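> Before we start, here is the structure in question, set down as structure tokens.
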Amino acid sequence: MTAFEQILGALDETSSLPLYKQLQRTLRQAIETRVLGPDDALPPERDLATDFNVSRITVRKAIDGLVSEGLLVRARVEKNFSKLTSFSEDMRARGRNPHSVWLRKSAGTVTPEEALTLRASPGTPVYRFHRIRFADDMPMSLEYATILASCLPSLDAVESSLYTALEHAGNRPVRALQRLRAVLFTAEQAKLLQAHEKDPGLLVERLGFLSDGRTAEFTQSYYRGDIYDFVAELSIAT
């Protein structure tokens with residue numbers, strides 16, 4: 001029995017009550033009896049799943065119910081919309097551990113839409129990087145990046161941080177145009193982000209430029225709206 005399970009009690013696998021309901025009840029009692037205080041943070045979902053020998057889907061379902069009841073609040077991440085930083089840099093600055101699950105890495109040539117967006121000639125080689133971005137064990141966003149192949153030595157040059165790879169190649173963007181709009185997740189997007197279909201999300205489109213004015217990247221990132229806030233500092237024009 002794990003330490004956390006010793007404090008809160010084990011789940012009953014012989015009970016007719018679903019495991020997520022049992023875990024929900026256990027956490028609710030811990031909150032109501034102040035075993036978990038108002039400022040206490042729950043262990044990561046991965047650890048709770050291990051502690052109680054259940055799936056992370058079961059843990060997520062239990063926590064979602066308590067969030068809906070107002071007993072738990074998900075920690076939100078603020079992204080400064082006016083600073084050109086990578087996801088990895090943002091998460092490390094907040095003491096979180098960023099990592100990715102790759103969905104696809106591929107080489108090809110620009111589509112007509114990409115050629116227009118990237119201001120590239122038809123047939124220009126590009127690399128495409130599709131992945132799920134995590135902070136600790138929490139899926140935060142889906143990222144679909146198209147990079148001009150001339151900006152990287154190879155497709156495998158990107159191991160974790162795309163911007164680190166571009167920086168090592170001397171082609172990290174120095175400015176970008178970003179567009180944000182609200183979206184509703186499709187069933188496929190929701191499954192990848194451990195969310196629900198039609199949950200609100202934020203789509204950020206980024207067009208990155210090199211110091212000489214050439215375009216380097218076009219990235220579309222779908223962020224979970226329940227845990228991400230975008231902020232920008234504004235000032236009076238002079």
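> With +1 on the Cβ of every Lys and Arg and -1 on the Cβ of every Asp and Glu, and nothing else charged, how large is the dipole of the chain about its Cα centre, in debye rounded to the nearest 20?
540
> Additional query: Quick one: helix 56-69 against the long Cα principal axis of the chain, what's the angle to the nearest 10°, folded into 0 to 90?
Roughly 80 degrees between the two axes.
> For the chain, place one equal point scatterer on every Cα, skip the solvent, and apply the Debye formula. What is log10 of I(q)/I(0) at q = 0.13, 0.15 Å⁻¹?
-0.87, -1.05
> Be a star and scan the range 53-97 for residues whose amide nitrogen sits under 14 Å from the point 7 Å along the Cα-to-Cβ vector of Asp226.
57-77
> While we're on this one: For Leu180 and Glu159 in the same chain, what is the full-extension length gain: residue separation times 0.36 nm, less their Cα-Cα distance, in nm?
Length gained between Leu180 and Glu159: 4.9 nm.
> Are there trypsin sites (Lys or Arg not before Pro) in the range 135-238 that DSSP puts in a loop and that have at most 16 other Cβ atoms within 10 Å, and which ones? Each step should come with its number before you reach the end.
Numbers: sites: Arg175, Arg179, Arg181, Lys191, Lys198, Arg206, Arg214, Arg224; in loops: Lys198, Arg214.
Sparse-neighbourhood loop trypsin sites (Lys or Arg not before Pro): Lys198, Arg214.
> Can you compute log10 of I(q)/I(0) for the range 8-68 with the Debye formula, treating each Cα as one identical point scatterer, at q = 0.15, 0.27 Å⁻¹?
-0.40, -1.33
> Turning to a different aspect of this structure: When the Debye formula is applied to the Cα atoms of the range 126-238, each taken as the same point scatterer, what base-10 log of I(q)/I(0) results at q = 0.14 Å⁻¹?
Scattering profile of the range 126-238, log10 relative to I(0): -0.65.
> Let me ask something else. Treating the angle as unsigned and between 0 and 90°, give the value, to the nearest 10°, between the Cα long axis of helix 19-32 and the longest Cα principal axis of the chain.
For helix 19-32, the angle is close to 80 degrees.
> How much accessible area does Asp212 have with a 1.4 Å probe, in Å² rounded to the nearest 10?
100
> Oh, and also: Please state the charge dipole magnitude for the range 94-176, taken about the Cα centre, from unit charges on C-beta atoms (+1 on K and R, -1 on D and E), reported in debye and rounded to the nearest 20.
That gives the range 94-176 a dipole magnitude of about 160 debye.
> Given the -39500 (n - 2.57) contribution per DSSP H run of 4+ residues, what per-residue ellipticity at 222 nm results for the chain, rounded to the nearest 500 deg cm²/dmol? Please list the in-between numbers first.
Working: 8 runs with 69 residues, N = 238.
Taking each H run of at least 4 residues, the total per residue is -8000 deg cm²/dmol.
> Whose amide H sits under 5 Å from the amide H of Thr124, counting only residues 5 or more places off or on another chain, with H placed in the peptide plane?
Counting only residues 5 or more places away or on other chains, the set is Val110.
> Of the heavy-atom accessible surface of the range 142-238 (probe 1.4 angstrom), what whole percent is carbon and sulfur?
Roughly 51 percent of what the probe reaches on the range 142-238 is carbon or sulfur.
> When ligands, DNA and RNA are left out and all protein chains stay put, how many square angstrom of accessible area per residue does the chain have with a 1.4 Å probe?
Normalised by residue count, the accessible surface of the chain is 55 Å².
> Also, quick follow-up: Specify the inter-centroid distance of the range 99-119 and the range 126-160, based on alpha-carbon positions, in whole Å.
If we compute the Cα centre of each part, the gap is 10 Å.
> Could you give the alpha-carbon Rg of the range 1-111 over 2.2 N^0.38 Å, rounded to two decimals?
Working: Rg = 18.4 Å, N = 111, 2.2 N^0.38 = 13.2 Å.
The value comes to 1.40.
> Taking the Cα centre of the range 167-238 as the origin and placing charges on Cβ (Lys, Arg +1; Asp, Glu -1), which of Tyr223, Leu177, Gly201 is farthest toward the positive end of the dipole?
Of the options given, the answer is Leu177.
> Another one. Not counting the cut sites, what is the longest span of the chain without GluC sites (Glu not before Pro) that DSSP labels loop and that have at most 14 other Cβ atoms within 10 Å?
Answer - 14-158.
> Another one. Once you've got the Cα coordinates, tell me which of Lys105/Lys191; Lys61/Lys83; Lys21/Lys198; Lys79/Lys105 are over 32 Å apart.
Lys61/Lys83
The values are calculated or read from the model by the stated rules, or taken from the named source; none is laboratory data. Model, not experiment: these values are computed from the prediction. Quick reminder, even Gly has a Cβ in these numbers, built from the backbone with ideal geometry, and neighbours come from all protein chains shown. For the accessible areas, the whole protein counts, side chains as well, though only heavy atoms, and no ligand, DNA or RNA atoms are used. Shrake-Rupley method; radii C 1.70, N 1.55, O 1.52, S 1.80 Å.
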